[in-house]
Amino acid sequence: MAHHGLIASYLDELRANLPRTTDLDDVLAEVEDHLREVVAAHVRCGMDEQTAERHALGQFGSAEIVTRAFAAAQRGGIAMPTPVTRFAGLAAMIGGTSIIVVFGLASISQLDVGGTGRWFAPVATASFLLALVGLVGLHMRHRAIYSSLGRVGRWLIPFGVIGLIVSIATWFVIGGIVAQVMIAVGLVLVGIDVWGAGVMDRRALALVGISIPAVLVVAAFGTGQFDWATIASIVGFAGLGSGFAWLGHGLWREPARASAPPTAAV
Amino acid sequence: MTPEALKGHLDLLLLAVLTDGPTHGYAIINELRTRSGDTFDLPEGTVYPALHRLQRAGYVTSTWTTANGRRRRVYTLTDRGSAAFATERRAWQEFATSVQQVLGGRPWPTTA
């Protein structure tokens, strides 16, 4: 009795993640036909069936890469990771970590950011710039999955980040609040699309999503005293920074090749 | 050749393989690999979205058959696809010739 667990699992994964506009049954039938043919060819070369299935799936590409290829074919985007996207992932990791440290220290110490805390503005700016680089990389990798909601969100985020940087630099408090709202709304809209497509770690997305309200609360109600708003600030920015770093790590560690060609069994 | 280098030319290569006659995806990929001397190495699953894109563009059509008890999609080059292939091949040959001339170090033609 042939073992078809690996291919069946792979097809299930594709079914769950392929773009909704894809004709799923036809695509999966075509993919299965391909994989079975490859398995048969490897078996004819002397490979056992289970090994042949693993090799066939390795040659075909991970479900993630194939999903992105289908999405990219429909809307544009990068199906394969590149050095640029991996660098963006690294930037997001550094930026996210820096956000945690910078805003955490500022909240805990009730920093006089206009006086002794002059380091706050440039370091916070640099942190958000790195996070923005990471977001650009994530956008390059995953823009193929955006619906109209996501396309609106992807414009709100960079304008919000620029506004936030300017507000931090000029101590324009209201501008900072508006900018944070823009970023938050943009992240939510993009997050809805990305969550549905399943192309990023949903736990990291959830962390960012949960953190956004905390950050907004601080922006709206922060008094500068060590109170519940400060605690929310610590939690919010820690979550936001962690989420960015987590997403950046996922982007950074993507291999350049989805698979290595198997050696033929003679 | 890296997948990124191949990406921009995949459509042309797929059309080239289909000029030989109708065939299914696995055979197309094998033919591509054979003709390139195993140079073109990319995840096989990424070829199918390209084939579907060519179908949406009207360059190929597909029909379903049955093989080994499974549904099999067979792709056929259309007249429009054949014309597009001829145009793209001509453009590629001109481009390749120009690049080779530059790489070959031949002098620019002068107006003197």
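The values are calculated or read from the model by the stated rules, or taken from the named source; none is laboratory data. Predicted, not measured: the structure shown is a model, and the values here were computed from it. With ideal geometry, Cβ positions are generated from the backbone for all residues, glycine too; neighbour counts draw on all protein chains shown. The area values use the complete protein model at the heavy-atom level, side chains included, leaving out ligands, DNA and RNA. Shrake-Rupley method; radii C 1.70, N 1.55, O 1.52, S 1.80 Å.
A few comments on the model shown:
- Along the stretch A:96-105 the Karplus relation, 6.51 cos²θ - 1.76 cosθ + 1.60 evaluated at θ = phi - 60°, assigns HN-Hα couplings of x, 5, 5, 4, 4, 5, 5, 6, x, 5 Hz to successive residues, with x for each Gly and Pro.
- Derived scalar couplings ³J(HN,Hα) [the stretch A:165-180; Karplus, 6.51 cos²θ - 1.76 cosθ + 1.60; whole Hz; x for Gly, Pro]: 4, 5, 5, 5, 5, 10, 6, 8, 5, 4, x, x, 5, 4, 4, 5
- Estimated from helical segments only, the mean residue ellipticity of chain B at 222 nm is -17000 deg cm²/dmol, where each DSSP H run of four or more residues counts as -39500 (n - 2.57).
- Positive end of the dipole of chain B (Cβ unit charges, origin at the Cα centre): among B:78, B:96, B:36, the Cα lying farthest that way belongs to B:78.
- Residue mean of other protein chain beta carbons inside 10 Å, B:70-81: 2
- Size of the B/A contact, given as accessible area buried on both chains, probe 1.4 Å, in Å²: 2200
- Based on the Stokes-Einstein relation at 25 °C and a viscosity of 0.890 mPa s, and on the Kirkwood radius from alpha carbon pairs, chain B is assigned a translational diffusion coefficient of 157 µm²/s.
- Shielding score for A:28-36, defined as the mean number of other chain Cβ atoms within 10 Å: 6
- Taken residue by residue and averaged, Cβ atoms of other chains lying within 10 Å of the Cβ of A:57-70 number 4.
- The GNM of chain B, with springs linking C-alpha atoms under 10 angstrom apart, assigns the highest mean-square fluctuation among B:78, B:66, B:23 to B:66.
- Sequence-distant residues sharing a close amide H with residue B:23 (under 5 Å, placed H): B:75
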